[in-house]
Amino acid sequence: MRIDVLSIFPSYFDGLTLSLLGKAQDAGILDLSVRDLRDWTHDRHRTVDDTPYGGGAGMVMKPEPWGLALDEVTAGSEHPTIIFPSPAGEVFTQKTARELSVRDHLVFGCGRYEGIDERVFEYAASLGEVRLISLGDYVLNGGEVATMAMVEAIGRLIPGVVGNPDSLVEESHEDGLLEYPSYTKPSVWRERAVPDVLLSGNHGAIAAWRREQQLERTRRRRPDLLRAADADA
Ligand code: 97T
């Protein structure tokens, strides 16, 4: 998979690039490229924003650098998926991550300030499939942190990427339930014992107990997930 990230703060992504992708990059599984949007400006100040038409607070990202950057990173790409993190987008879930993990080419456009000139989204739709995606109902200063979360969630689903678990199906959210509680040695710690069933060696009883814990936790902490599962059934 190829992933291009367009940002005016490319160094935000240094940690992600190191942690998630070293091995996968070397093996040619994942080709992650983080690019500075200002490289597509042509003025002395490398300007990426301007005042909004119609007035109002804050600045809007100018369309020209975005147009040139999108042209360059999508050139020769068959059907890129162009993602703009936005509080006004569809909410990102594990299902979204799974869907995006099988695409050939993802482009993340990280907006800052009060937003991006609306024509950029229209133009991007002529180059590929455009998705506006939100991490959740809260406000960030820009798309960088949202992009990092999404690239990590998507990347770890690709075999050979660091963090790819042995069993995806046992993970939180993969079956629509929260995870069961985990314990390790010592069997008693500060007068707190590990549940007896986990020391019993009875694999059937352990599986049943874990399932019960998953259901109980989900009911108590995230009843919305159970309602969503009902709606799917
Ligand atoms: O608040 C934002 C500002 C810019 C880009 C994305 C966001 C955001 O994404 N998910 C939640 C908020």
**Request:** Kindly indicate the residue of the stretch 174-203 that is open to solvent by 50 Å² or more (accessible area, probe 1.4 Å) and not in a loop (DSSP other than H, G, I, E, B) and also nearest to Ala228 (Cα to Cα) among those meeting that condition.
**Result:** His203
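Please work out if Leu30 is away from the ligand (no atom under 16 Å from the Cβ), at pLDDT below 95 and open to solvent by 60 Å² or more (accessible area, probe 1.4 Å). Steps first, answer last, please.
Details: away from the ligand (no atom under 16 Å from the Cβ): yes; at pLDDT below 95: yes; open to solvent by 60 Å² or more (accessible area, probe 1.4 Å): no.
No.
Mind checking which residues of the stretch 115-160 are assigned to a loop (DSSP other than H, G, I, E, B), within 16 Å of the ligand (Cβ to nearest atom) and either open to solvent by 30 Å² or more (accessible area, probe 1.4 Å) or in contact with a Lys or Arg (Cβ under 7 Å, 6 or more places away or on another chain) (or both)?
Kept after step one, since they are assigned to a loop (DSSP other than H, G, I, E, B), are these residues of the stretch 115-160: 115, 117-118, 126-128, 135-143, 156-160.
After this cut, where a residue has to be within 16 Å of the ligand (Cβ to nearest atom) as well, the list is 115, 117-118, 135-143.
Residues satisfying the conditions are Asp117, Glu118, Leu135, Asp137, Tyr138, Val139, Leu140, Asn141, Gly142.
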**Item:** Among (1) assigned to a strand (DSSP E or B); (2) among the hydrophobic types (A, V, I, L, M, F, W, C); (3) over 18 Å from the mean Cα position of the chain (by Cα) - the single one Val34 does not satisfy
**Value:** (3)
**Asked** Out of curiosity, is Glu171 open to solvent by less than 60 Å² (accessible area, probe 1.4 Å), within 28 Å of Ser101 (Cα to Cα) and of a type in the set (Asp, Glu)?
**Response** yes
**Request:** Would you mention how many residues in the stretch 97-114 are touching a residue at least 40 places away in the same chain (Cβ under 8 Å) and outside any loop (DSSP other than H, G, I, E, B)?
**Result:** 8
**Request:** Kindly check whether there is at least one residue in the stretch 94-114 that is basic (Lys, Arg), within 13 Å of the ligand (Cβ to nearest atom), modelled with pLDDT of 95 or more and open to solvent by less than 40 Å² (accessible area, probe 1.4 Å).
**Result:** no
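The values are calculated or read from the model by the stated rules, or taken from the named source; none is laboratory data. Values in this document were obtained by computation on a predicted structure and should not be read as measured data. Heads up, the Cβs are rebuilt from the backbone with ideal geometry, glycines too, and the neighbour counts pull from every protein chain shown. Quick note on the areas: whole protein, heavy atoms, side chains included, nothing else; ligands and nucleic acids left out. Shrake-Rupley method; radii C 1.70, N 1.55, O 1.52, S 1.80 Å.
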